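**Q** I have a structure I would like to understand better, so I am pasting it below and will then ask my questions one at a time.
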Amino acid sequence: MRYRVVIERRDGVVFASGTLTGSHANLLPIWLVPDSTLRLKNGRRIDISVTDLVGDVAEFESTGTVSPG
């Protein structure tokens, strides 16, 4: 599975959003659960919620503030 993460600061709070790319069968269980954790290659973890799933691409948003890396 691959991911693309955009981290931005809004009103002084850091949020993340992005996409997950993989097989639909592997993304579907993540989409069905309200909250998940994305573990990045550098070991950082971001609490996310998948907001959309179309084919083999899922969009997500962080479910809380993202700690500075």
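**Q** Which one, 17, 3, 62, is farthest towards the positive end of the dipole of the chain when Lys and Arg carry +1 and Asp and Glu -1 on their Cβ?
**A** Final value for the positive-end residue is 3.
**Q** Let me ask you something else. Provide the per-residue ³J(HN,Hα) series for the range 9-15, in order, calculated from phi with Karplus coefficients 6.51, -1.76, 1.60 and θ = phi - 60°, each as a whole number of Hz, with x at glycine and proline positions.
**A** The phi angles translate into 9, 10, 6, x, 10, 8, 10 Hz.
**Q** Assuming R0 = 35 Å, what is the FRET efficiency of residue 28 and residue 67, from their Cβ-Cβ distance, to the nearest 0.05?
**A** The formula returns an efficiency of 0.75 here.
**Q** For the chain, take the alpha-carbon Rg, divide it by the Kirkwood Rh, and send me Rg/Rh. Show your work: numbers first, answer last.
**A** Working: Rg = 11.7 Å, Rh = 12.2 Å.
Dividing the radius of gyration by the Kirkwood radius yields 0.96.
**Q** For the chain, with only Lys/Arg (+1) and Asp/Glu (-1) charged at the beta-carbon, what is the dipole magnitude about the Cα centre, in debye rounded to 20?
**A** Roughly 380 debye, rounded to the nearest 20.
**Q** Given a 10 angstrom Cα cut-off, can you work out which residue in 25, 58, 16 is the most mobile in a GNM of the chain?
**A** Most flexible of the set in this elastic network: 25.
Values quoted throughout were computed directly from the atomic coordinates according to the rules given, and no laboratory measurement underlies them. Bear in mind that the values here come from a model prediction, so they are computed numbers and not experimental data. Note that we place each Cβ from the backbone using ideal geometry, even for glycine, and neighbour counts take in every protein chain shown.
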